[in-house]
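Taking it in order: structure first as structure tokens, then the write-up.
The values are calculated or read from the model by the stated rules, or taken from the named source; none is laboratory data. Here the structure is a predicted model, which means the values were calculated and not measured. In this analysis, Cβ positions are derived from the backbone assuming ideal geometry, glycine residues included, and neighbour counts consider all displayed protein chains. Ligands, DNA and RNA are excluded from the accessible area calculation, which covers all protein heavy atoms including side chains. Shrake-Rupley method; radii C 1.70, N 1.55, O 1.52, S 1.80 Å.
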Amino acid sequence: MQPQNTYILAIESSCDDTACAILENDRVLSNFIANQKIHEKYGGVVPELASRAHQSNIVPVVHEALQQAKINKNQLSAIAFTKGPGLMGSLLVGTSFAKSLALSLNIPLLDVHHMHGHILAHFIEDGQEKPSFPFLALTISGGHTQIVQVNSPSDMKVLGTTQDDAVGEAFDKSGKILGLGYPAGPQVDKLAQKGNPKAFLFPVPKAPELNYSFSGFKTAVLYFLQRETKKDENFIEKNLEDICASIQYTLIKILFQKLEKAVQQTGIKQVAIGGGVSANSGIRAHLKSMESKGWKTFIPPFDYTTDNAAMIGIAGYFKYLENDFAGLEITSTPRIHM
Ligand code: KG4
Ligand code: ZN
């Protein structure tokens, strides 16, 4: 007998993107995202506006994902959703919608940790080789910077974490000082590609063991720019590409110092990256270059790096295979550990 296919509808609403995806087993049939433009003029996500936008987006986004996948909701096997971490008001919209849909269709509910999604996105079927367990994952986003030892889809151990800002914030806040729009990370990346990474020297903040610290970095960038623009008010304009390249170079140096230490300490040489910042071209290239040191590296496809629901779907699929379902009493958890 042919094994039955599993169809999972997944919802991600932890921050400012309303996303829905449909998966057939580990394959993505649709992966739809409504970005919220409203936050751009505020230079950051406004939580109250985000949850309001999720409320108006969620129904059309789910509808669109079903249509693109050419799936009828009665074919669905389970509903997966992001339980946390994230913004409470945003999470609540996805959680409530997922619960109501699961209840009305009488199918199981799968609660997913957002960062598990970023890590397990590597297992979405795309014809590429997958990591085998255990492997190390560097999860880098606007809210997280962690080195995780992934022993299985449900057994993950955080080896190091940021003590203050996430690396995505370091990109965004430095970019904001340079006058770039929100989020500045992708623009810093683009400008850095044309600049000299060694034009300016920024300090590497100290943090114990495998942990990170980024809050001092943006202050160092700020003081450096204040000093230079005092001497030449057009300094930023004249050197924008070199400044971006130097910022990116330093952030990559910080990330990889600890990642290399983690590889040495654990002896695990399979290394994957995940999270929004793993879209960065410099980080991708640097990780790839580590293959010359015997690492085996894994980089997720672009579509599955920044927040998306396909990653929640694949994490939900692993839970589905383990019959690890959530009850209807489940609630959003804005702060949860791995
Ligand atoms: O995972 P994500 O979409 O949302 C969170 O869970 O935080 O990550 C968003 C972060 C933002 O800080 C954004 O600036 C950063 O990812 N980002 C980048 C790039 N693309 C997105 N940072 C540097 N280079 C990029 N190409
Ligand atoms: Zn994320």
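Values as computed for the structure displayed
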item	result
Where THR266 falls short, out of the listed (1) farther than 16 Å from LEU225 by Cβ; (2) away from ligand 1 (no atom under 11 Å from the Cβ); (3) free of Cβ contacts under 8 Å to residues at least 60 places away in the same chain	(3)
Pairs with Cβ under 6 Å, 6+ apart, first in the range 138-156 and assigned by TED's automatic domain parsing to the domain that holds SER278, second basic (Lys, Arg) and more than 16 Å from ligand 2 (Cβ to nearest atom)	GLN149/LYS157
Residue in the range 267-285 that is most open to solvent (accessible area, probe 1.4 Å), counting only those that are assigned to a helix (DSSP H, G or I) and either closer than 10 Å to LEU136 by Cβ or more than 16 Å from ligand 2 (Cβ to nearest atom) (or both)	ALA285
Pick from the range 294-306, criterion open to solvent by less than 50 Å² (accessible area, probe 1.4 Å) and within 11 Å of the chain's Cα centre (by Cα), ranking: nearest to ligand 2 (Cβ to nearest atom)	THR305
Those helices (runs of 4 or more DSSP H) lying entirely in the range 101-200 with at least 2 residues over 23 Å from MET311 (Cβ atoms)	167-177, 185-192
Failed item in (1) outside any helix (DSSP H, G or I); (2) away from ligand 1 (no atom under 13 Å from the Cβ); (3) touching a residue at least 60 places away in the same chain (Cβ under 8 Å), with LEU240 passing the rest	(1)
Scope the range 104-145; condition within 16 Å of ligand 2 (Cβ to nearest atom), in contact with a His (Cβ under 7 Å, 6 or more places away or on another chain) and modelled with pLDDT of 95 or more; matching residues	THR139
Failed criterion for ILE38 (all others in (1) open to solvent by less than 50 Å² (accessible area, probe 1.4 Å); (2) of a type outside the set (S, T, N, Q); (3) in a helix (DSSP H, G or I) hold)	(1)
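Quick grid of which residues meet (1) open to solvent by less than 20 Å² (accessible area, probe 1.4 Å); (2) more than 16 Å from ligand 2 (Cβ to nearest atom); (3) farther than 30 Å from ILE33 by Cα:
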{"residue": "LYS253", "(1), (2), (3)": "no, yes, yes"}
{"residue": "ALA262", "(1), (2), (3)": "yes, yes, yes"}
{"residue": "GLN265", "(1), (2), (3)": "no, yes, yes"}
{"residue": "LEU287", "(1), (2), (3)": "yes, yes, no"}
{"residue": "SER292", "(1), (2), (3)": "no, yes, yes"}
{"residue": "ASN308", "(1), (2), (3)": "yes, no, no"}
{"residue": "ALA315", "(1), (2), (3)": "yes, no, no"}
{"residue": "ASN323", "(1), (2), (3)": "no, yes, no"}
